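Visitor: Take this structure, written in structure tokens, and hold onto it; I'll ask about it next.
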Amino acid sequence: METIRQVHMMQGRCEELRRRGKRIAFVPTMGYLHEGHLSLLREGRRRGDVLALSIFVNPIQFGAGEDFANYPRNLQRDKELAVAVGTDLLFLPEKEALYPGGFATHVEVSGLTEDLCGRSRPGHFRGVTTVVCKLFNIIHPHVALFGCKDFQQLAVIRRMARDLDMDIQVLGMPIVREADGLAMSSRNVYLAPQERVQALALIDSLRLARRLTVAGETAAAVIIDAVQQRILREPAARIDYVRICHQDTLREMDSITADSVLLLAVYVGTTRLIDNHILGEEIDP
Ligand code: AMP
């Protein structure tokens, strides 16, 4: 695996690979890799001749008072995992390389970003789309892989790629879960043992919603109420949002269709967890 830190070096290397007819698959991450990230890398390995991974904890997608400084990092371990799944290129820029003095340009997707996570994390998606756009410009991948765990993020990036005519296939990959159902996240390490147990309220409530829809319930309000009640049984849980939306437009829906996605954001202690479920699909494969 080749590690590159400079923007122009990465750009040159990817340009040369493209010229030689290589298909580039790209997985952007903030590191502290887990099986969720590795599932994207494995699929990228299958879809590209060259597999590129970026690790960059992007300061501009964190709000004041969020966990930028404490975000978990373990570069040595990340490198070993990346090599093990066959990564060819690791892009590891410094903050100054991506945001030099005088940096003044941002990418903003309106409509999809103001609500849901955008409401409690103002500016978050503008930071995400700006960095992903920059990474796309540097790497020019043929295909870029993202997790459906960050459902709104995936919708926003798809819209950015479409609206800005980026010739990149944006692929969404299934949520990878721990054996007990908790969606994998680098932030799960923040959970104290008791909180880790209570965090199962998220998957439990998604399963409950699934059972209700399979049984024929179509009223979003009924499902949301049941989900909220389940989550609030946990003393450490505080709901940020529980919403049922159209999976493409993210507009709220009153009744369930095959396009409905149930989206959750819940604080367990001080850790903010997100999860989701497309109501027409199976949760446990
Ligand atoms: P992050 O490092 O948290 O920015 O995540 C990098 C990529 O990994 C994003 O596309 C995430 O959606 C994806 N990802 C994170 N957790 C999971 C998971 N549990 N299952 C699948 N993909 C994930």
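The values are calculated or read from the model by the stated rules, or taken from the named source; none is laboratory data. Keep in mind it's a predicted model, so treat the numbers as computed, not measured. Cβ: placed from backbone, ideal geometry, glycine included. Neighbour counts: every protein chain shown.
Visitor: Answer yes or no: is there a residue in the stretch 68-88 that is under 30 Å from Y267 (Cβ atoms) and either in contact with a Lys or Arg (Cβ under 9 Å, 6 or more places away or on another chain) or not assigned by TED's automatic domain parsing to the domain that holds G118 (or both).
Guide: At the first step, the residues of the stretch 68-88 found to be under 30 Å from Y267 (Cβ atoms) are 68-75, 77-78, 81.
Next, only the ones that are either in contact with a Lys or Arg (Cβ under 9 Å, 6 or more places away or on another chain) or not assigned by TED's automatic domain parsing to the domain that holds G118 (or both) stay: 71-72.
Scanning the stretch 68-88, I find at least one residue that is under 30 Å from Y267 (Cβ atoms) and either in contact with a Lys or Arg (Cβ under 9 Å, 6 or more places away or on another chain) or not assigned by TED's automatic domain parsing to the domain that holds G118 (or both), so the answer is yes.
One line per residue, one yes/no per condition, for (1) assigned to a loop (DSSP other than H, G, I, E, B); (2) out of contact with any strand residue (DSSP E or B) (no Cβ under 8 Å at 6 or more places or on another chain); (3) among the β-branched types (V, I, T):
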residue: G63; (1), (2), (3): yes, yes, no
residue: E66; (1), (2), (3): yes, yes, no
residue: R73; (1), (2), (3): yes, yes, no
residue: V83; (1), (2), (3): no, yes, yes
residue: G102; (1), (2), (3): yes, yes, no
residue: T105; (1), (2), (3): yes, yes, yes
residue: G111; (1), (2), (3): yes, yes, no
residue: G118; (1), (2), (3): no, yes, no
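Visitor: Test R177 against the criterion of being surrounded by 16 or more Cβ atoms within 10 Å (Cβ to Cβ), of a type in the set (D, E, K, R) and away from the ligand (no atom under 11 Å from the Cβ), and give yes or no. Let's see the steps before the verdict.
Guide: On the way: surrounded by 16 or more Cβ atoms within 10 Å (Cβ to Cβ): yes; of a type in the set (D, E, K, R): yes; away from the ligand (no atom under 11 Å from the Cβ): no.
Criteria not met by R177.
Residues are listed down the side, and each one gets a yes or a no for (1) within 13 Å of the ligand (Cβ to nearest atom); (2) touching a residue at least 60 places away in the same chain (Cβ under 8 Å):
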site	(1), (2)
E16	no, no
K22	no, no
S39	yes, yes
L51	no, no
F56	yes, yes
G65	no, no
K79	no, yes
A82	yes, yes
L90	no, yes
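Visitor: Right, here's the next one. What number of residues in the stretch 182-199 are surrounded by 13 or more Cβ atoms within 10 Å (Cβ to Cβ) and away from the ligand (no atom under 11 Å from the Cβ)? Don't jump to the end; show me each part of the working.
Guide: So in the stretch 182-199, the residues surrounded by 13 or more Cβ atoms within 10 Å (Cβ to Cβ) come out as 182-188, 190-192, 194-199.
Narrowing the set further to residues that are away from the ligand (no atom under 11 Å from the Cβ) leaves 190-192, 194-199.
Final tally of qualifying residues: 9.
Visitor: Continuing with the same structure: Which ones in the stretch 235-250 are under 23 Å from R272 (Cβ atoms), under 25 Å from the mean Cα position of the chain (by Cα) and not in a strand (DSSP E or B)? Steps first, please.
Guide: Here is the first cut: in the stretch 235-250, the ones under 23 Å from R272 (Cβ atoms) are 235-245, 247, 250.
Now drop any that are not under 25 Å from the mean Cα position of the chain (by Cα), which leaves 236-245, 247, 250.
Of everything in the stretch 235-250, those that are under 23 Å from R272 (Cβ atoms), under 25 Å from the mean Cα position of the chain (by Cα) and not in a strand (DSSP E or B) turn out to be A236, Q247, L250.
Let's see how each residue does on (1) touching a helix residue (DSSP H, G or I) at 6+ places or on another chain (Cβ under 9 Å); (2) among the hydroxyl-bearing types (S, T, Y); (3) under 21 Å from C133 (Cβ atoms):
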position	(1), (2), (3)
R5	yes, no, yes
E15	no, no, yes
V27	yes, no, yes
I60	yes, no, yes
F68	yes, no, yes
L81	yes, no, no
G86	yes, no, no
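Visitor: For L202, are the conditions met, namely being away from the ligand (no atom under 16 Å from the Cβ) and assigned by TED's automatic domain parsing to the domain that holds D259?
Guide: Working: away from the ligand (no atom under 16 Å from the Cβ): no; assigned by TED's automatic domain parsing to the domain that holds D259: yes.
So L202 does not fit the description; no.
Visitor: Let me ask something else. Here is a check on your reading of the model: is V27 part of a loop (DSSP other than H, G, I, E, B) and within 23 Å of K149 (Cβ to Cβ)? Working first, answer last.
Guide: Working: part of a loop (DSSP other than H, G, I, E, B): no; within 23 Å of K149 (Cβ to Cβ): yes.
Criteria not met by V27.
Visitor: Something else now. Does V227 satisfy the condition of being away from the ligand (no atom under 15 Å from the Cβ), part of a helix (DSSP H, G or I), surrounded by fewer than 16 Cβ atoms within 10 Å (Cβ to Cβ) and without any contact (Cβ under 8 Å) to a residue 40 or more places away in the chain? Spell out how you get there, then give the answer.
Guide: Values: away from the ligand (no atom under 15 Å from the Cβ): yes; part of a helix (DSSP H, G or I): yes; surrounded by fewer than 16 Cβ atoms within 10 Å (Cβ to Cβ): no; without any contact (Cβ under 8 Å) to a residue 40 or more places away in the chain: yes.
The answer is no for V227.
Visitor: Could you tell me whether the stretch 255-269 includes any residue that is touching a residue at least 60 places away in the same chain (Cβ under 8 Å), surrounded by fewer than 21 Cβ atoms within 10 Å (Cβ to Cβ) and farther than 15 Å from L154 by Cβ?
Guide: Checking the stretch 255-269: at least one residue is touching a residue at least 60 places away in the same chain (Cβ under 8 Å), surrounded by fewer than 21 Cβ atoms within 10 Å (Cβ to Cβ) and farther than 15 Å from L154 by Cβ.
Visitor: Here's another thing I want to ask about it. With the requirement that a residue be part of a helix (DSSP H, G or I) and under 27 Å from L273 (Cβ atoms), what does the stretch 134-158 give you?
Guide: Going through the stretch 134-158, the residues part of a helix (DSSP H, G or I) turn out to be 134-139, 151-158.
Result: L135, F151, Q152, Q153, L154, A155, V156, I157, R158.
Visitor: Please work out which one of (1) under 27 Å from R45 (Cβ atoms); (2) within 13 Å of the ligand (Cβ to nearest atom) is the condition C117 fails and give its number.
Guide: Only one criterion is unmet by C117, namely (1).
Visitor: Output yes when any residue across the stretch 209-224 is within 16 Å of the ligand (Cβ to nearest atom) and either of a type in the set (A, V, I, L, M, F, W, C) or assigned by TED's automatic domain parsing to the domain that holds L264 (or both), and no when none is.
Guide: First pass over the stretch 209-224, keeping only residues within 16 Å of the ligand (Cβ to nearest atom): none.
No; the residues of the stretch 209-224 include none that is within 16 Å of the ligand (Cβ to nearest atom) and either of a type in the set (A, V, I, L, M, F, W, C) or assigned by TED's automatic domain parsing to the domain that holds L264 (or both).
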